[in-house]
Amino acid sequence: MTSLYFIINIASFSIPFLYSFEKKMRFIKYWKAVFLSITIVAVPFLIWDVWFTNIGVWGFNPTYLLGPTIANLPFEEVLFFFFIPYASIFTHYALLYFFPKLGLPKKATKLITILLLLMAIVIIIFNYDNWYTLINFSVFALLLLYALIIKDTLLNSFYITFLVVLIPFFIVNGLLTGSFIEEQVVWYNNAENLGIRVGTVPVEDAFYAFNMLYGATLLIEKFKPIFSKK
């Protein structure tokens, strides 16, 4: 099915997009901040993607692609960096809308952040020669360090909402990495990662998602007050 990757993108995006017009939550009021933030984060991630595709860290199966490419990336892969973050970020804000008190205590959040940072550092030290692991956990560690320095309170709720987001994220990435279909849409070179998979999904993908979504959400929170004044 040459349109499978495109269908996965559209299916992931369509329901959150339609619910953005819901009268009570009115997620559309944040659109300027959301789309600007997603675009800013997408740029370095797309550069990263092009680089890793060119050096064989991962690649794409043409069987499931429509054909058009942008900078050696399938058109569908470019859409991924806009549609999947939008759906995930919508879920984050929807959960906070319906559960406004959702969040961990500050001390618990700080402890989790420190433990995750230490874990990332250890993984980096012992896997410096695996490109996907090295870059992914380096970005993860820098984001956590930044959060600790600025005493970010976003993580109080983000840790919880991210666990919820991981459910559809692993379903989507599971389809892309070969779950329930004959071949992989996206293949990974296991020599460049930890070789640990959740189903068919490399464990690094969860931290990749965190980096992309937390980075975008940080920017959204910065931009929301700016656009609300206009």
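The values are calculated or read from the model by the stated rules, or taken from the named source; none is laboratory data. Because the structure is a prediction, the values reported are computed rather than measured. Glycine also receives a Cβ, built like all others from the backbone with ideal geometry; neighbour counts cover every protein chain displayed. The protein model used for the area step is the full one, side chains on, heavy atoms only, and it has no ligands, DNA or RNA in it. Shrake-Rupley method; radii C 1.70, N 1.55, O 1.52, S 1.80 Å.
The table below gives the values:
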quantity: Nearest-20 debye value, the chain charge dipole, Cβ charges on Lys, Arg, Asp, Glu; calculated: 1580
quantity: Net charge, Phe80 excluded, C-beta distance under 14 Å - Lys, Arg +1, Asp, Glu -1; calculated: -4
quantity: Spin-label pair Tyr19/Tyr146, simplified geometry with 7 Å Cα→Cβ offset, distance in nm; calculated: 2.8
quantity: Sequence of Asp152, Asp129 when ordered by accessible area, the most exposed leading, probe 1.4 angstrom; calculated: Asp129, Asp152
quantity: Percent breakdown of C-alpha pair distances by 5 Å bin, ordered from the shortest bin, for the chain; calculated: 1, 6, 13, 18, 20, 17, 13, 8, 3, 1, 0
quantity: Protein-only accessible surface order, largest first, of Lys222, Lys101 at 1.4 Å; calculated: Lys101, Lys222
quantity: Stretchable slack from Leu115 to Glu183, in nm (0.36 nm times residue separation minus alpha-carbon distance); calculated: 20.8 nm
quantity: Partners for Lys222 among aspartates and glutamates (Cα-Cα distance below 16 Å; same-chain residues under 8 apart left out); calculated: Asp152
quantity: Top of Leu96, Leu18, Leu148 by mean-square fluctuation, Gaussian network on the chain, Cα under 10 Å; calculated: Leu18
quantity: Thr69 - accessible surface, heavy atoms, 1.4 Å probe, Å² rounded to 10; calculated: 90
quantity: The range 1-116 - percent relative contact order, Cα under 8 Å, separation 6 or more; calculated: 38
quantity: For Ile149, solvent-accessible area (1.4 Å; no DNA, RNA or ligand), Å²; calculated: 120
quantity: Shape of the range 94-171, Cα gyration tensor, a/c cut at 1.5; calculated: oblate
quantity: The chain: calculated mean residue ellipticity at 222 nm from DSSP helix runs of at least 4, using -39500 (n - 2.57); calculated: -23000 deg cm²/dmol
quantity: Solvent accessible area, Å² - Leu145, 1.4 Å probe, full protein context; calculated: 80
quantity: Highest-MSF residue in the chain out of Phe27, Phe60, Phe126 [GNM, Cα springs under 10 Å]; calculated: Phe126
quantity: Highest-MSF residue in the chain out of Lys110, Lys24, Lys151 [GNM, Cα springs under 10 Å]; calculated: Lys24
quantity: Largest to smallest accessible area among Thr113, Thr153 [probe 1.4 Å]; calculated: Thr153, Thr113
quantity: Selection from Pro16, Phe227, Gly215, by position along the positive dipole direction of the chain (Cβ); calculated: Phe227
quantity: 31 Å Cα-Cα threshold exceeded, pairs from Lys106/Lys224; Lys23/Lys110; Lys24/Lys110; calculated: Lys23/Lys110; Lys24/Lys110
quantity: Positive minus negative residues near Trp51 (Lys, Arg vs Asp, Glu; Cβ under 15 Å); calculated: -3
quantity: √(5λ) per eigenvalue of the Cα gyration tensor, the range 1-70, largest first, Å; calculated: 29, 18, 7
quantity: Cβ-based net charge around Thr133, under 12 Å, with every Lys or Arg adding one and every Asp or Glu removing one; calculated: -4
quantity: Ratio Rg/Rh, restricted to the range 134-217 and using Cα atoms, in which Rh is the Kirkwood radius; calculated: 1.02
